1. Kindly state, to the nearest 0.05, the FRET efficiency for Asp356 paired with Leu167, given R0 = 25 Å and r defined as their beta-carbon distance.
2. So which of Lys419/Lys669; Lys64/Lys680; Lys229/Lys696; Lys375/Lys452; Lys375/Lys466 end up more than 28 Å apart, counting from Cα to Cα?
3. For the peptides 22-32, 448-458, what is the packing order when you average, over each peptide's residues, the other Cβ atoms within 10 Å and list the highest mean first?
4. Lysines near Lys246 by alpha-carbon distance under 25 Å, same-chain residues fewer than 8 away left out - which ones?
5. Helix 529-542 versus the longest principal axis of the chain: what angle, 0 to 90°, nearest 10, using Cα atoms?
6. Working from Cα positions, state the angle (0 to 90°, nearest 10) between the long axis of helix 249-264 and the longest principal axis of the chain.
7. Would you mind checking which residues have amide H under 5 Å from Val448's amide H? H placed 1.01 Å from N; only 5 or more apart, or other chain.
8. Can you tell me the 0 to 90 degree angle between the C-alpha axis of helix 213-227 and the longest principal axis of the chain, rounded to 10?
Amino acid sequence: MTAEYKVHGNVAVITLANPPVNGLGLSTRQGIVDGLEKANADSAVKSIVITGAGGAFSGGADIKEFGTDKAMQEPNLNSVIAAIENSDKPVVAAIHSVAMGGGLELALGCHYRVAAPGCSVALPEVKLGILPGAGGTQRLPRVLGVEPALNMIVSGEAIKSEMLAMLPGQKLFDKLVASPEVLAAEALAFAQSVADVRPMPLVRNLPCKHPQGDAYFQFARNMVKGMSKNFPAPAKCVDAVEAATKKKFADGLATEREIFINLMWTAESRSLRHLFLAERAASKIPDVPSDTPKRDIKAVAVIGAGTMGGGIAMNFLNAGIPVKMLEMKQEALDRGLATIRKNYEAQVKKGKLKQDKYEQRMALLSTTLDYADLKDADLVIEAVFEEIGVKEAVFKQLDAVMKPGAILASNTSTLDVNKIAAFTQRPQDVVGLHFFSPANVMKLLEVVRGDKTAKDVMATVMAVAKKIKKVAVVSGVCDGFIGNRMIEQYGRQGGFLLDEGCTPAQVDKAIEKFGFAMGPFRMGDLAGNDIGWAIRKRRYQEKPDMKYSKTADLLCEKGRFGQKTGAGWYDYVPGKRDAIPNAEVVQMIEEHRKSLGITPRKISDEEIVQRLVFALVNEAAHILEEGIANKASDIDVVYIFGYGFPVHRGGPLNYANEVGLFNVAAAMKRFAQNPLDDAKFWQPAPLLARLVAEGKNFQ
Ligand code: 3H9
């Protein structure tokens, strides 16, 4: 049982004890009901307190139970709340730290609520593609008022208990105690003080009205529609709260329940729930236990003050960690510093950063031209030119000056981390930290584990990633690691589609409609087409059998490198990012097609999307089988946080599972029949073929 029962004087205390966040799984729900029964049967008990052990009152329903029989098994959360409401003795919720989702709903079912300050209060179900399904949409408007409640339900954002306690007329908290330390004693005293009060108050009996009724809900609907185009849940939250204002409580509850169950089965909700768990699972490395000792990272050094180096430095400054930045020339340092300043000043201007915080961060930054000045850093990250000879020079110098135990990291996006490690006498301290540009904004961090990287180095960098608010995913060593290795196949398909009859705008539009933030050609223009060109030139030498469309090379030969040159696949007006289709580029593609003797055909959006996305899936299956990625969900996390893959589809492998792996493999076999495509690539990866044969999904 994951709820404890104790009696203090004449108050029974039921303590949720289901770490890490007292999720309301079946055994906890049963524990609450059993506790209530015991308390009601004990004549010495006059009132009841429900609270949570450890660092949470409750984080809500147990997300890991969703999709299993246990989620719906009685007592379900609504039955638990009904048992509280029907209790003969008053029930007081003693709320602290975290009261979210079903946890808050549980508290709203209690007769009274006593809260500690600093508690994060939220109905975050919308972030999982559902809505509160245990009365939250019906009870919260009754205690906070319709508008504040709807804002909380639609945004899912947490608000601190002390802020909520200040809302005029709020009935959420009966008492806000002075500090978390006194909560237990104050809740007991409160429970004693209300032991004989009859009738006992119930939130369900409070009125729920909005003075502007229909007009307000129409306005809310319009707002929500604009904000959440790929997700059904936010609009449904409005429906449920409207029901609270228009229907009897029991009928409103039934409406909420029906919507909750329908949303739970949507692909969008499955994707969001998958991502919630995937993001947290990514930080776990199978052979590196969570109690692995970590090295202390108190000071960081960054080699290179270019766009990447500056962005990397900002992450640490933002987290309060001092950074020393090294460059070869003073001018380069000055330029780097000026860019960092400019970035922070833009944030100050927008009101996102306070002036004093900006100054504090800049005060943590120092610069040097001398490697010897880096010797005391605990972690050094190299962000210099992507060329193995340059890396060799840097790592040899670092090896000579850095103190023993310092972690030596490379921000390489393509080079062999094992080779880089071998430039030093301490390969166990070398790791890849592949940041994504702009490094101060993008959440993804690929942590590249070399063959000799020590386990405590891995544990340390994963913890550091969390500190600087990155989502870190571990990759083994291979060309392009997880993300760029996959994107190369996606890019190749983009090229073949042009050869066969598409325009860049047609391809981009199709995949953007699918939900990608940007299609492959707009992305190429943003990143710089010359980068892909350099990689292809290398590939032509290394893998002469690999087939590529030549259109991208022709584009680069015209100097159309993308936004930075004002011209790429599209044209750009200086200072703007809008992609304007260019007739000459389209003509260039047509002429190239003609030169190959290809008659263009009309290609459907469906084929475009399948070829681009399934190319990612097939390469991902190879990556998984080779052990480059530890698990399928890691690959989804890489694509969601680093490559603009649509969140509502949950990442390429979750999407493939949703489509059905049999269908994915069948499409690949079809694509292999296309003589203009790459038949060899489209052979389903052995892992994929095996999963299809066994009727299984990517796990
Ligand atoms: C709901 O309540 C539906 C009801 O309306 C209706 C029901 C009928 N369940 O985030 P962290 C785990 S829907 C299971 O790194 P933090 C998490 O997986 C639910 N596990 O910590 C991780 O496990 P592990 C509505 C949960 O301190 C560990 O806790 N509630 C749950 O940064 C630490 O998580 C939500 O959506 C859960 N509900 O943040 C709340 N929550 O160590 C979602 C967390 O094995 N949770 N875990 O990887 C959060 O927002 C944050 O986790 C929280 C803690 C703020 C609680």
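1. The formula returns an efficiency of 0.30 here.
2. In this structure, Lys419/Lys669; Lys64/Lys680; Lys229/Lys696 lie more than 28 Å apart at Cα.
3. Output ranking for 22-32, 448-458: 22-32, 448-458.
4. In chain and number order, the partners are Lys171, Lys209, Lys225, Lys236.
5. 60 degrees
6. 20 degrees
7. Gly432, Leu433, His434, Ser475
8. In the chain, helix 213-227 runs at an angle near 30 degrees to the longest axis.
Since every read-out is calculated from the coordinates, none of them should be taken as a lab result. None of these values were measured; they are calculated from a predicted model. Heads up, the Cβs are rebuilt from the backbone with ideal geometry, glycines too, and the neighbour counts pull from every protein chain shown.
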